[in-house]
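A quick write-up on the structure given underneath.
Readers should treat all values here as calculations from the given coordinates under stated rules, not as data from a laboratory. All of these numbers come straight from a predicted model, not from anything done at the bench. Backbone-built Cβ (ideal geometry, glycine too); neighbour counts: all protein chains shown.
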Amino acid sequence: MSEPLYNTRILRLAAEIPHFGRLDEPMGTARKVSPVCGSRVDADVDLDDEGRISRFAQEVRACALGQASSSLLGARVVGMSAAELRSAETALRRFLAEGDALPANWSELEIFAPARPHKARHASLLLAFEAAAAAAESAAANRAA
C-alpha cells in the first residue's frame, strides 16, 4: 500500500511557514507561478557581503504540498547562496521526477516521496526553491550593476 499524498507532518509544515510575508525594499525579489495549478510563491531577499541570504521573506499561495515545501525551505534558507539554492532545487526536481537520492543535507525532503507519481504536484513543490534562487540571483545581479 502506498503512502498518502497528504499526511499529518505535511499539514503541520503547511501551517507553519517561516519568514511569511514580504520585505520592505529587498535587494532581490522573484515570483514563481505553477502553470498547472496556479500556486504562487513570491520571495524577497537581502544578501550579505559574501552573497549569502541575510534576510528572507516569502508570500505563499499554494496547496498544502507547496506550503510544506516553502516551510522546509524557509527553515534553512538564511545563510544560503543562490548556487546552493539552485542545487537544492535540482536535487528536489530529480528526486521527484527520476527517483534520484536526495543529498544528505536535504534528507527532510524525503517526505515528498508520495508525490512522485503525481507529476501535476511537482511544480508546486518546486516553487519555493525556484523563487528563492531567482530572488538571490536577482539580488546578486542588482549588486553587480
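Count the DSSP beta bridges whose two residues both fall in the range 8-144, then state the antiparallel fraction as a percent rounded to the nearest 5. Working shown, then result.
Working: 15 of 16 bridges.
Percentage antiparallel, nearest 5: 95.
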### Query
How compact and how long is the range 81-145, expressed as Rg and Dmax of its alpha-carbon atoms in Å?
13.0, 43
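By per-residue mean of other Cβ atoms within 10 Å, what is the highest-first order of 103-114, 86-97, 27-38? Could you put the intermediate results ahead of the total?
Values: 103-114: 14.2, 86-97: 18.4, 27-38: 16.8.
Order by mean packing, descending: 86-97, 27-38, 103-114.
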### Message
With +1 assigned to the C-beta of every Lys and Arg and -1 to the C-beta of every Asp and Glu, and no other charges, what is the dipole magnitude of the range 8-144 about the Cα centre in debye, to the nearest 20?
### Response
620
### Query
Is any residue of the range 66-87 close enough, with backbone N under 13 Å, to a label point placed 7 angstrom from the Cα of Arg9 along the Cα-Cβ axis, and if so, which?
69, 72
### Query
What are the DSSP H helices in the chain that stretch 27 Å or more along their long axis, judged by alpha-carbon atoms, and whose average Kyte-Doolittle hydropathy comes to at least -0.5?
119-144
### Query
Relative contact order of the chain: what whole-number percent is it, with Cα pairs under 8 angstrom and at least 6 residues apart?
33
### Task
Average the reciprocal distances over every distinct pair of alpha-carbons in the range 8-144, invert the result, and give the Kirkwood radius in Å.
14.6
## Note on the structure
If R0 = 22 Å, then Asn105 and Glu25, at their Cβ-Cβ distance, give a FRET efficiency to the nearest 0.05 of 0.10
